Amino acid sequence: MTGVIMRSLSGFYDVDCQGTIIRCRGRGKLRYQKQKPLVGDRVEITRLNETEGALDTVLPRVNAFDRPAVANIEQLMIVASGAIPVTDPFLIDRLTALAVSRGCEPVILWNKWDLAPVPELSELYERAGFRTIPCSAETGLGLEEIRMTLSGKISAFTGNSGVGKSSILNALDENCRIPTGEVSVKLGRGRHTTRHVELFRLPGDILIADTPGFAAFDEQLSDRRDPAELARDFPDFLPYLDDCAFVDCAHVKEKGCSLLRAKQEGKIAESRHASYVRLYQQAKEQYRPWENKEK
């Protein structure tokens, strides 16, 4: 049987096989192969009885994240706001770059649009190649488009504290009952319970990864790949990257850089390039290729 890991806790994996949850333990060969199953993994299992099984194989992944430990995230829903708390565009650029680097589509949700619309900022990111959805958890604006975007995929919500991630999820499903600014009651959590990642379902064939959110995803930019590859995580930069005077151009301040010329001509936003420069410098300082080599 095949299914998706919905929850992982203390060596057990709850696998959803066409609507039936089978609690599984991993086969010993997975440890031998140094494969650690993750929430979101598509797996093959052997059913032992009505409720128990053995996890045999982890099928190929689209992507995997370390913090939170989750796999096959197809969409990263980045919740931003023009109202208090106002989202810094640099944070959006960090998260879109992370999503693109992992083969995950970023979608920007402009929550609280009824309070503080940001049409110019939204248009900037649309020109950069990202899907954007103006929305309001309070009025219902954009919720149907969000539902359609989420349907049939595994998605995760992220964004800085207070922008309305929980409010949007509650608006999408009135039975969700996730207290804003607190932990999830629906998932049986309290302030002192063990934190773990799991998938939960919303109506309309929607799978959401319940994760620690912004802080966890954002941390992964500190252990990112080669800084020389960073520019390719900015889709709006791609048309200009191969026309630089030097093959190893960093696209920061070099003469003959086609990316800098495109910025001067208004073809890419100055704020996007400024974010790239900040991320490039961070990656350059923190990149440790020798630590990623197999021992």
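Packing around the peptides 123-129, 153-159, taken as the average count of other Cβ atoms within 10 Å per residue, puts them in this order, highest first: 153-159, 123-129.
Within the stretch 23-118, antiparallel bridges make up roughly 35 percent of the DSSP beta bridges whose residues both belong there.
Can you classify the stretch 22-106 as rounded, prolate or oblate using the Cα gyration tensor, where a ≥ b ≥ c are the square roots of its eigenvalues, rounded means a/c under 1.5, and otherwise it's prolate if a/b beats b/c and oblate if not? The shape class here is prolate.
For the peptides 115-122, 132-139, the ranking by packing is 132-139, 115-122, with the highest mean count of neighbouring Cβ atoms within 10 Å listed first. Take the alpha-carbon centre of the stretch 3-48, take the same for the stretch 81-154, and report the distance between them in whole Å. Going from one Cα centre to the other spans 32 Å. Accessible area per residue for the stretch 41-133, computed on protein heavy atoms with a 1.4 Å probe, is 41 Å². Amide H contacts of Leu141: Ser136, each under 5 Å away and 5 or more positions distant or on a separate chain (H built 1.01 Å from N in the peptide plane; Pro and chain starts excluded). In terms of its alpha-carbon gyration tensor, the stretch 45-165 comes out prolate; a/c meets the 1.5 threshold, and the first ratio a/b outweighs b/c. Measuring nothing but protein heavy atoms, the accessible surface of the stretch 49-147 at 1.4 Å probe radius is 53 percent carbon and sulfur.
The values are calculated or read from the model by the stated rules, or taken from the named source; none is laboratory data. The structure displayed is predicted, hence computed values, not measured ones. In this analysis, Cβ positions are derived from the backbone assuming ideal geometry, glycine residues included, and neighbour counts consider all displayed protein chains. Ligands, DNA and RNA are stripped out before the accessible areas are found, and what is left, the full protein with its side chains, is counted by its heavy atoms. Shrake-Rupley method; radii C 1.70, N 1.55, O 1.52, S 1.80 Å.
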